Structures are given as C-alpha cells and as structure tokens.
Amino acid sequence: MIAYVDSGTKLVDVFSASPQLDREASSKLAMELFPGMKLVPDADGYLSYTCPPRKQVFAGCYPGVSVVAASQLGIDYPSKLPATYLSAARGRDIYFLAMHSVVDWFAFAIWSSGKLTRSLSLSPDSKVLEDIGEHLPFEAPYWSGQRKVDSDDDEPYPLPFRPLELGEVALFHFFGYSLEGGPGNDLPDEPRFDADSIVLAGFRGSKPWWKIW
C-alpha cells in the first residue's frame, strides 16, 4: 500500500481518532492512480486487509491522510515507483510498504518533499534488492545481528533477519498497527487502534461491454 500524508501529520494520530472516510475523494484518487482499470464501486475493505485481488483497489481519504492498497503497488524496487503514484502526493510525504508472505519478501520506502529518503527491498531468495538511504532507528536491531535467524538447515539463513519480521515493525512504526504483533517481534501486545475499524472504499475494474467471439 501507499500513503500520502500531510507534512507534520502522523498516521497513527489520524487513525486513532476514528476518522470519517471521504468517499468522493477516495474515488477520485483511485481513478487517478489506475485510469486504465475503469473502476466502479465495490465492497468496502479495511485497513487490516490491504491485499485486494489484482482487479480490485482499496482507497481511503481522511483528514491529512490518504491510503491506497492494490497488488499493482507490490514492486521489487520501490525507487522505481511510477511517476503517476509519486505525482499524486502533491507535496505530501509518501510512505510505501509491501509484503509477500509466501516468499518472505518485504519492501518499504519514504519520500519527503518529493525526495526519496529511504528505500529497502529484500527476500531470502533475492537477498537485498534495494537499500537506499540511511537505516532508520527501528531497523538497527535487525542489521546489527540482534534478530538473527536460527536455521535447522545445513546452510545459514541468507539474511541477518527475516524480512517479514522487520515488515511488521515498519508497519507498526509508520501506520500504528501490525498484522502479527506481540512479544519477541519488537511490538507491543496491543495495537494503537483497531485497524478493522478503518474503512477503505472498495473498487473493481469493470468489464468491457464488448466481447471477442
């Protein structure tokens, strides 16, 4: 998913206040980012589930924050995010985060004032795909070897930590919640708010009226 955030605004503060979804703005943003999908309204989603099927998009616009979730955003190199997604920020900060549990892949990136300040993408198979900018404080225990993976295999785990574990910490650090929190993962037992209560407007790509026989 990707989030556009007004300067000085914290995502967790907005979500903790149970913000009202602006459906009109959400629709406009979704159509701006995916003009080729011919989107139509679909069932709502929630911030706790930001992995819609390929032909679906979730979008939520709230005071100071806009969030969009779509499979098209799951790219290996965040620094190469298409200009369409970056220009939609209009001066706001951008937070990008993606995870794929099947391959243990995780990526995140931050743009501030239009400049990429941090980008990371890695998985055990591909190793470090991208590592741009200075490591953030919450990353320190992972890169320093404090979260080393114990492996029963003959060969050691190819990374100093599991990407998805850092992904959960990044999700909590930026967005204020996690999918799998609790002790042992640098996360508190309780989230800062209920992600199931944050509604995202759902959209799906409409089918063309014509058919090829």
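The values are calculated or read from the model by the stated rules, or taken from the named source; none is laboratory data. Note that the structure is a prediction, hence the values are computed from the model and not measured. No Cβ is skipped: glycine too gets one built from the backbone with ideal geometry, and neighbour counts run over all protein chains shown. The area values use the complete protein model at the heavy-atom level, side chains included, leaving out ligands, DNA and RNA. Shrake-Rupley method; radii C 1.70, N 1.55, O 1.52, S 1.80 Å.
Hey, any idea what % of the chain's accessible area is carbon plus sulfur with a 1.4 Å probe?
Details: 5930 of 11490 Å².
With neighbouring chains kept in place, the figure for the chain is 52 percent.
Give, in nm to one decimal, the length gained when the segment between residue 18 and residue 150 is fully stretched (0.36 nm per residue of separation minus the Cα-Cα distance).
Numbers: separation 132, 0.36 × 132 = 47.52 nm, distance 4.01 nm.
Fully extending the segment from residue 18 to residue 150 adds 43.5 nm.
What are the ³J(HN,Hα) values, in whole Hz, obtained from phi via the Karplus relation 6.51 cos²θ - 1.76 cosθ + 1.60 with θ = phi - 60°, for each residue of the stretch 73-87 in sequence order, with x given for Gly and Pro?
7, x, 9, 5, 10, x, 5, 9, 4, x, 4, 4, 6, 6, 5
Which one, 136, 121, 45, is farthest towards the positive end of the dipole of the chain when Lys and Arg carry +1 and Asp and Glu -1 on their Cβ?
45
Would you check the stretch 1-123 for Lys pairs whose C-alpha atoms are within less than 20 Å, ignoring same-chain pairs closer than 8 in sequence, and give me the count?
Values: 10/115; 28/38; 28/55; 38/55; 80/115.
Lysine pairs satisfying the spacing and distance rule in the stretch 1-123 number 5.
Kindly provide the helix-only [θ] at 222 nm of the chain, computed as the sum of -39,500 (n - 2.57) over DSSP H runs of four or more divided by all residues, to the nearest 500 deg cm²/dmol? Walk me through the numbers on the way to the answer.
Details: 5 runs with 39 residues, N = 213.
Result for the chain, helices only: -5000 deg cm²/dmol.
If you take the square roots of the eigenvalues of the alpha-carbon gyration tensor of the stretch 21-123 and sort them as a ≥ b ≥ c, do you get rounded (a/c under 1.5), prolate (a/b over b/c) or oblate?
Working: a/c = 1.73, a/b = 1.20, b/c = 1.44.
Oblate, since a/c reaches 1.5 and b/c is not below a/b.
Which angle between 0 and 90 degrees, to the nearest 10, do you get for helix 23-33 versus the longest principal axis of the chain when only C-alpha atoms count?
70 degrees
Which shape class, rounded, prolate or oblate, goes with the stretch 98-189 when its Cα gyration tensor gives a ≥ b ≥ c as root eigenvalues, a/c under 1.5 marks rounded, and past that a/b bigger than b/c marks prolate?
Details: a/c = 1.77, a/b = 1.28, b/c = 1.39.
Taking the square roots of the gyration eigenvalues as a ≥ b ≥ c, the stretch 98-189 is oblate.
Could you provide, to the nearest whole Å², the per residue accessible area of the stretch 82-182 with probe 1.4 Å? Kindly include the intermediate steps, with their values, before the conclusion.
Numbers: 5090 Å² over 101 residues.
Spelled out: the 1.4 Å probe surface of the stretch 82-182, per residue, equals 50 Å².
What's the angle, to the nearest 10 degrees (0 to 90), between helix 163-175's Cα axis and the longest principal axis of the chain?
Once rounded, one gets 50 degrees.
Calculate the dipole size of the chain relative to its Cα centre from +1 charges on Lys and Arg beta carbons and -1 charges on Asp and Glu beta carbons; express the result in debye to the nearest 20.
Values: 19 positive and 28 negative charges, 278 e Å.
Roughly 1340 debye, rounded to the nearest 20.
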